[in-house]
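What follows is one structure encoded as structure tokens, with my remarks underneath.
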Amino acid sequence: MAEHASISPVATEQGQKAPTQGTHLVADESDADSAIGDDDDDSIRQYRVENGRTYHSYKDGQYAYPNDEAEANRLDLQHHLYNLTLDGKLFLAPIKKDSQNVLDVGTGTGLWAIEFADEHPSAVVIGTDLSPIQPTFLPANVTFLVDDAKEPWVFKERFDFIHTRQLHCAVEEKKLMKQALRNLKPGGWLEMQETSTPIACDDGTMTPDHAVHKWTHFMLEASKRIGQSLDNPPKYAEWMQGVGFVNVQHVVYKWPCNPWPKDKKHKTLGLWTLVNAQDGVEGFTMAMFTRVLGWQPEEVQSFLVDVRKDLKNKSIHSYVTVNIVLGQRPE
Ligand SMILES: C[S@@+](CC[C@H](N)C(=O)[O-])C[C@H]1O[C@@H](n2cnc3c(N)ncnc32)[C@H](O)[C@@H]1O
């Protein structure tokens, strides 16, 4: 187990980029209801339908991942993956126990906000999203709002804690950091939890000929073309410091693409990552490849057959980098 001690997160000095290679995974060779009011405009539920998937209608076309049941189920699964990664914790920021006002931007199905509210009965939690896909049966201290995080924030209250997760390719992160800083109470925390692209491999078992390697680089190219580069998250710590946050930390975890590692925790994370990707890869890819790169839907589907094969190939030791970046508004 000692040789796997580096499975614990790699924390960096304040504001420095984390060495994502810091955690060396060893391969297992042995086995190669929503608070949207009744008076809301129903057009926000008349979703865009494209290539068999649905997408948000409020600010139509702005966000490229679907909002249908398949994606909602995947988001709930991914919530569990984060939960396993952080050993049951919802966040790393050292927030006050009696935090009063909490904001979850781009809340998705709202699971994070609901669990946070359950664990902190004294807090009032607001979750915002472009899509009204949150449940209606809720703890009394949670509210969900349809809201575009790219617009100026007009909340009445200031927050003790602002949380975001998996918003890459959805918002301009530096702008979000500035808005968060303005909307935090002095001493309040922002925590951003994001995977970054491209998918990595430390031992050469993923080569440029592999479909998964091509896929991750095509995704990166598409994200750059729409000005929301998927390789931004490792820069967040530096950006947070640049806009005025203090006590900035960047903690890195790894999600193996399948259960290829030897150690138990990463094997389990690999299993869940594989299901997450097999379920999600069409959703991540379809709009990015058709709308941005100009592929035909049939070409995408055919390419994804090979990507899925690579994702479950245990001789390819690839992993997704998970970045948890937190910073505090000066007191
Ligand atoms: C990948 S999901 C993550 C959801 C949730 N944070 C989680 O971790 O389960 C990204 C979410 O951001 C929302 N989103 C995208 N652009 C947004 C924007 N400009 N304002 C608010 N929400 C946005 C999407 O509708 C989607 O629900």
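Among Lys262, Lys175, which comes first, then next, by fewest other beta-carbon atoms within 10 Å?
In increasing order of surrounding Cβ atoms, one gets Lys175, Lys262.
Fewest Cβ neighbours within 10 Å first, please rank Met192, Met219 accordingly.
Met219, Met192
Calculate I(q)/I(0) for the range 2-328 by the Debye formula, one identical point scatterer on each C-alpha and no solvent, and give its log10 at q = 0.09, 0.13, 0.16 Å⁻¹ to two decimals.
For the range 2-328, the Cα-only Debye profile gives -0.46, -1.00, -1.51.
Rounded to the nearest whole Å³, what is the per residue volume of the convex hull around the Cα atoms of the range 191-232?
72 Å³
Which net charge results when you count Lys and Arg as +1 and Asp and Glu as -1 among the other residues whose beta-carbon is under 12 Å from that of Asp310?
Cβ neighbours under 12 Å give a net charge of +3.
Could you give the size of the charge dipole of the range 212-327 about its Cα centre, using +1 on the Cβ of each K and R and -1 on the Cβ of each D and E, expressed in debye and rounded to the nearest 20?
So the dipole magnitude of the range 212-327 works out to roughly 440 debye.
Of Thr128, Thr285, Thr136, how do they rank once you tally other Cβ atoms within 10 Å and put the fewest first?
The fewest-first ordering by Cβ neighbours comes to Thr136, Thr128, Thr285.
Charges on Cβ only, +1 for Lys and Arg, -1 for Asp and Glu, centred on the Cα centroid of the chain; of Phe245, Phe303, Thr273, which one is farthest towards the dipole's positive end?
So the residue furthest toward the plus end is Phe245.
Taking a ≥ b ≥ c as the square roots of the eigenvalues of the Cα gyration tensor of the range 229-305, is the shape rounded (a/c under 1.5), prolate (a/b larger than b/c) or oblate?
oblate
To the nearest 20 debye, what is the magnitude of the charge dipole of the range 2-328 about its Cα centre, counting +1 on the Cβ of each Lys and Arg and -1 on the Cβ of each Asp and Glu?
880 debye
About the Cα centre of the range 194-244, how large is the charge dipole given +1 on each Lys and Arg Cβ and -1 on each Asp and Glu Cβ? Please answer in debye to the nearest 20.
Its charge dipole is roughly 260 debye.
All of the numbers you see were taken from the coordinates with simple rules; none came from a lab. On a predicted model such as this, the values are computed, not experimentally measured, just so you know. Methodologically, a virtual Cβ is constructed for each residue, glycine included, from the backbone with ideal geometry; neighbour enumeration extends over all protein chains shown.
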